[in-house]
1. Can you find a residue that is within 17 Å of Leu136 (Cα to Cα) and free of Cβ contacts under 8 Å to residues at least 24 places away in the same chain anywhere in the range 32-40?
2. I need the helices (runs of 4 or more DSSP H) fully contained in the range 1-98, keeping only those with at least 3 residues that are closer than 19 Å to Ala134 by Cβ.
3. Check Asp464 against each of (1) farther than 26 Å from His517 by Cβ; (2) buried (at least 19 other Cβ atoms within 10 Å of the Cβ); (3) at pLDDT 90 or above and name the one condition it does not meet.
4. Let me spell it out: the conditions are (1) more than 30 Å from Leu314 (Cβ to Cβ); (2) of a type outside the set (S, T, N, Q); (3) surrounded by fewer than 18 Cβ atoms within 10 Å (Cβ to Cβ), and Ala66 meets all of them except one. Which number is the exception?
5. Please return the ranges of helices (runs of 4 or more DSSP H) entirely within the range 357-453 where 1 or more residues are crowded, with 16+ Cβ neighbours inside 10 Å and free of Cβ contacts under 8 Å to residues at least 60 places away in the same chain.
6. Of all residues in the range 90-142 being over 22 Å from Gln190 (Cα atoms) and among the small types (Gly, Ala, Ser), which is surrounded by the most Cβ atoms within 10 Å (Cβ to Cβ)?
7. Counting only residues that are more than 15 Å from Leu284 (Cβ to Cβ) and charged (D, E, K, R), give me the helices (runs of 4 or more DSSP H) lying completely in the range 116-217 with at least 2 of them.
8. Need the failing condition index for Val328 against (1) at pLDDT 85 or above; (2) assigned by TED's automatic domain parsing to the domain that holds Met127, just the number.
Amino acid sequence: MRIFWRLAWFIKDEWKAYVLGILALLGVALMGLIPPVMIGRFANLLATHQLNWQNIWPIIGFIAFATIGQYFLRFGWSYFIWGTAARLEKTLRERLFRHYLAMDAPFFQKHRTGDLLAHATNDISQMQRVAGNAVLQMFDAVITGLSVIIAMVWFVNGEMTFWAVLPLFGITLVATVLGRHIHSAFMKAQEAFSTLNNKTQESIMGIKALKTLGQAREDIQDFSHQVDDTIAANRRAQFFDSLFDPSITILIGVSYVVTIILGGTNVMTGKMNIGQLITFVTYLSQLIWPFMGLGFMFNNFQRGNASYDRIESLMAEQSAIKDDTAGVNQVPVGDLDIAITQFQYPEADEVVLHDIDVHLPAGQVLGIVGAVGAGKTTLLRLLLREFDNYTGYINVGGIDIRHYRLNKYLPAIGYVPQDNFLFSTTVRENIRFSDPTLMDEQVERAARWAGLHDDILQLPAGYDTQVGEQGISLSGGQRQRLAIARALIINPEILILDDALSAVDAKTEKTILETLHTQRAGKTTLIATHRLSSVVNAYETIVLAEGAITERGTHPALLAANGWYATMYAAQQIEAKLDEEVAHHG
């Protein structure tokens, strides 16, 4: 019953629907008392040779009335109880999804995608069964069980009712004993399902790598082991679950044996007639489902508690990124100032950024370069507020970004990451994902700015071409440019390109950069890149190494300094010339 206390917040909001559903259940139970009495009367008429149409019509009428009444009342409890359960499922899914959206990067590093999906599907579906099936089973057992037992006492025999019904209460004892085992076993089964979900997702996502590296057979073996573990966990849960039915069958059998012995004796001694015995047996058959439902109810309660434990544990985790509800409720505009004394990832000992000091006037371009692992992407993640636990500050317009409302700050940033995620929809819908109401002209303009418009026109359905899962039907360069167009269409105050031009050729890169320069006048842009040609026109470029700035300045100044930047630029220029010669002679 603990699960109902945990769902009290929902029951409080939906109590009217539940009351109407329970009243409908009560009506069904009362209507169900009529047919057994009528059948008993029919048997007595038959036994006493008084059967005629005059006596049969009232019996038929009452049975028909009860049948039609139950039809509409059953629709009523189905509508109110199961409909309310569906609303719980909807509410929990929305809450969980909003929680996912509000969580920070460490949360998604801790929880794998398959596990999060299992919570959002299996666990919430089990909660829906608690709010629907379990509620139905509980009140049906109480209402139908009590009404039938009262009818058995009233219309037939109280002593016989006591001895015939007594074995059925053993179901409650069995459910209590098995309940603890079911809870533990079902928790492990759900965890195994989550693990299998993770494995399945990783295998599908990495199918190309598995085939290329020749690891398909090994992955199949690993997958088979995961399946075996999941089956074993589910078998254990099913073992305890399946003990309910045999127990119920035995106890029902005992009730029928008692009925046969006592009922037969009472008929033979004249304490009751054959019609009453038939009525009693019919009522007893009506008790089977309520007591079976009582067992299923305890089963659903235990499963529901296990699922709610998992959901509650997930929902209890809090993001380290706090939205200041009393913060600055305006779009961030102005100069960008970065002064980070030190930053290290949560639960890590190594300092990944330190002594970062940058001033970028509004509307200018900042280049961020350096070797792999120098800290470029980490710095951008701080700008995106994926982490707030750094010493120092990042200001936009003189205001610390941690003091802006998230719903004002984040929409003002256009971000194009190294790994571009595209949705399984059309090119058009991917570009205008941030605002589906944008006109086609705006979509095409953003595509032109990203140097993608001509490529789109060559696609089978143009802008209505389906890109496939994660943009599989597009080339790497097309995916990058589509992501750039998606960021540009909102005309963000701050545009962040994280190695976003690595898959395009030099000519396309030059076109995109020139467009950014002309179309984003007054807007701030940050470009983190390995290709130094992307930042030759930047207001300032900083060179990172081991999380600190080792060089800084304009392109000419950095070349004159003859450091890492100058050496890398010269090497890249030689490489570019060689590529041109190969292409020309090819």
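1. So in the range 32-40, the residues within 17 Å of Leu136 (Cα to Cα) come out as 32.
Imposing the further condition that a residue be free of Cβ contacts under 8 Å to residues at least 24 places away in the same chain reduces the set to none.
No.
2. On the way: elements: 2-6, 8-13, 15-32, 34-47, 53-77.
Helices (runs of 4 or more DSSP H) meeting the threshold: 2-6, 8-13, 15-32, 53-77.
3. (2)
4. Unmet for Ala66, out of (1) more than 30 Å from Leu314 (Cβ to Cβ); (2) of a type outside the set (S, T, N, Q); (3) surrounded by fewer than 18 Cβ atoms within 10 Å (Cβ to Cβ): (3).
5. Values: elements: 376-383, 406-409, 427-431, 440-449.
Ranges flagged: 376-383, 427-431, 440-449.
6. Ala141
7. Working: elements: 124-129, 135-155, 158-165, 170-205, 207-212.
Answer list for the range 116-217: 170-205, 207-212.
8. Against the list (1) at pLDDT 85 or above; (2) assigned by TED's automatic domain parsing to the domain that holds Met127, Val328 comes up short only on (2).
The values are calculated or read from the model by the stated rules, or taken from the named source; none is laboratory data. All values reported here derive from a predicted model rather than from experimental measurement. Cβ: placed from backbone, ideal geometry, glycine included. Neighbour counts: every protein chain shown.
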